[in-house]
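Shown next, in structure tokens, is the structure this report addresses.
Bear in mind that the values in this text are calculations on the coordinates, not laboratory data. In this text the structure is predicted, and so the values were computed from the model without any measurement. Note that each Cβ is placed from the backbone with ideal geometry, even for glycine, and that neighbours are counted across all protein chains shown.
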Amino acid sequence: MINGGPVIDADGHVLEPADTWQKFIEPKYRDRAMRIEKDADGLEMLLIDGRSHKRVHGKMGLTSGAVGLRDQMEKLWTPGAVTYEQVLVPGGYDPAARIKVLDEEQIDIVMLYPTLGLFWEGHVTDPLLADAYSRAYNRYIVDFCSYNRKRLVPVAHITLRDPELAVTEVQRARKDGCMAVYLSPEPLSRGGRRLDDPVYARFFDTVSDMNMPIGFHVTVREDEQLLFADYLKGGHSENNDLLLPTAVMMECMLAFTQLISAGTLERHPKLKVAVLETGSNWLSSWLERMDHKYEAMLATRSKPILKLLPSQYFERQCVISADPDETMTSGVVERFGAERVIWASDYPHLDASMNVLGILREQIKDFPAETQRKIVGESAANFYGLAA
């Protein structure tokens, strides 16, 4: 603890062993489990229900995106140059090593999200198989975190491909100790359904009643051109190296916006939502624009869609995860309060930095000690119901 309060990393990752889904999935689905294999040319591929994920075929070193490899991006993009296991860091797959990293970084608690698990949802169209993939990962992450349940917090990966199966699995995962839910923001993961579709009402009621927040996190589409067709033509290129990692955050922002604009947060006032890996500095202008447009639309409608302004739903039910190296987070804190701001290391992914707490504390050093304690951990502890 720092200055009497907990330090909580609200979005860390595991690097799942290559056989995770084969090991933890039910035997009837084992032949369709996600796995890493080699093609006829010896190139590694991520097989999802027997089909290779095109984005990383031959470039599995990219999937782990391990910390410390930012100066080797050209090598990581070269087919066959680096394997998945060659870039794994122990802190990603060994819970004892992760505790050591937490100690070195002065972090008390980390909430753990997938890595390979970010790849499969838009790829799997069979609802039963999608549910089996979720169950397999959730068994794995609970097992991983059992090494130290106080400091390693499992986040359940729930697919909404079948809403009733989602309810059953989130209830099971909660009993196993999962404290939150990762949802893919990608519409393909829901078969194209909107988040305000009535079929999801029972799921949102269930997680609300269990006080189990949901978190939208960026995913890895097989083809980002489905979302950003006019901008990402040509796939990976020097022209898109910067556009791709910037654009993927948009899906989280859009999913979050849809929950507010379509009235999901209005209908489920106990639902808690975290917006992850998008940074935080966009939030103020985004919600100000939503508020302004909503007020302008009221004059054209006989009955209001929402009872509150969009920003008020965020203030009531949501948190935003700030990147430690952002320079305008103080404005977000001042606008929405420290209770609405958490932070994340993204360790051990490519864009993570070490000494992350030192970087964060430099950004918030001008705030009173009480506000700093909230940002570095107390707000996350309260939001997720963690015993710090």
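Some observations on this one:
- Mean-square fluctuations from a GNM of the chain, with a 10 angstrom spring cutoff on Cα atoms, peak among Thr257, Thr278, Thr246 at Thr246.
- Paramagnetic reach from Trp77 (point 7 Å along Cα→Cβ, amide N under 20 Å) across the range 348-377: 349-352
- With 5 Å bins from 0: P(r) over the range 74-118, alpha-carbon pairs, percent: 5, 17, 21, 21, 15, 12, 7, 2
- Evaluated over the range 132-204, the Cα radius of gyration and Dmax, each in Å: 12.8, 39
- Residue separation of Lys54 and Thr168 scaled by 0.36 nm, minus their Cα-Cα distance, works out to 37.9 nm of gained length.
- Globularity index of the chain, i.e. its alpha-carbon radius of gyration over 2.2 N^0.38 Å: 0.96
- Computed over the Cα atoms of the range 275-325, the ratio of the radius of gyration to the Kirkwood radius (Rg/Rh) comes to 1.08.
- Counting charges near Lys100 (Lys, Arg +1; Asp, Glu -1) among other residues having Cβ under 15 Å from its Cβ returns a value of -4.
- Sequentially through the range 165-173, phi angles give Karplus couplings (6.51, -1.76, 1.60; θ = phi - 60°) of 5, 5, 4, 4, 6, 5, 5, 5, 5 Hz, Gly and Pro residues having no value and appearing as x.
- Enclosed volume per residue, in Å³, of the convex hull spanned by Cα atoms of the range 277-388: 119 Å³
- What the Kirkwood sum gives for the range 41-169 is a hydrodynamic radius of 16.3 Å, with every pair of different alpha carbons counted.
- Square roots of 5 times each gyration tensor eigenvalue, C-alpha, the range 114-165, largest first, Å: 23, 11, 8
- For Ala344, the residues 5 or more places off, or on other chains, whose built amide H falls under 5 Å of its own are Ala10, Ala322.
- Amide H contacts of Gly58: Glu44, Met45, Leu46, each under 5 Å away and 5 or more positions distant or on a separate chain (H built 1.01 Å from N in the peptide plane; Pro and chain starts excluded).
- Lys, Arg +1 and Asp, Glu -1 on Cβ, resulting dipole of the chain about Cα centre, debye, nearest 20: 1160 debye
- Candidate cross-link partners of Lys23 among the aspartates and glutamates, defined by an alpha-carbon separation under 14 Å and a same-chain spacing of 8 or more, comprise Asp31, Asp143.
- When the chain is treated as a GNM with alpha-carbon contacts under 10 Å, the residue of Arg139, Arg98, Arg335 showing the greatest mean-square fluctuation is Arg335.
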